[in-house]
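I have placed the structure first, in the form of structure tokens, so that the comments after it can refer back to it.
Derivation of every value follows stated rules applied to the coordinates shown; laboratory data play no part. None of these values were measured; they are calculated from a predicted model. Glycine gets a Cβ as well: all are built from the backbone with ideal geometry, and neighbour counts include every protein chain shown.
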Amino acid sequence: MTQQPAATLALRVLAVGDVHAADDLALVKRAVARVTARHPGLELVVAGAAGRAQLLEQMQRAHVFVAARPQAAPHHVPPALPVAMAGGLCVIASAVGGIEGLITDGFDGLLVPPGDEDALVEALARVAGEPRERRRLGEAAATSIRGALRSA
């Protein structure tokens, strides 16, 4: 089997949203489009109102999970976020509400200010260009969320 050069391998970015999350998805779509210019293999997958089984299937095929918000949302943690972390996905999320208590920036995920498209672009570019860092963040996320669930 012939392997593709690393620069052209697909990197799947998963975002979850529906019609109520249109602003969130617009932010993610714009950021992914900008990063794709530097990393052509980037692919955005949006899981809408998918059932649990479909969402888990999408997570198994993804490399990065993005939960970006255009504005602050106090105490809101998207239900799919801890699932993505437990599955070992590298997570990029807005530093809002309960998310800040779940992710330690640079340790078990990357946090960006809400609505900051440039910061989201930089975070996506970082994990697109550094596969080892992406894996390390995903492994740390899985360890962190499992520990948090055990102590809850």
Problem - Local electrostatic count at Gly109 - Lys and Arg +1, Asp and Glu -1, tallied over other residues with Cβ under 15 Å - result: -1
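What FRET efficiency comes out for the pair Glu57/Thr143, r = Cβ-Cβ distance, R0 = 25 Å, nearest 0.05?
Numbers: r = 23 Å, r/R0 = 0.93.
Once the sixth-power term is evaluated, E becomes 0.60.
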Problem - Counted charge near Val32, where neighbours are those whose Cβ lies closer than 12 Å (Asp, Glu -1; Lys, Arg +1) - result: +3
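If we sort 94-107, 24-37 on the protection proxy, mean other Cβ atoms within 10 Å, highest first, what's the order?
Numbers: 94-107: 16.9, 24-37: 18.8.
The peptides rank, most packed first, as 24-37, 94-107.
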Practice task
In debye, nearest 20, what is the charge dipole magnitude of the stretch 9-151 about its Cα centre with +1 on Lys and Arg Cβ and -1 on Asp and Glu Cβ, if you could check?
Solution key: 440 debye
Exercise for the section: Just need log10 I(q)/I(0) for the stretch 9-151 at q = 0.10, 0.13, 0.20 Å⁻¹, Debye formula, equal scatterers on the alpha-carbon atoms, no solvent, rounded to two decimals. Expected result: -0.28, -0.48, -1.25
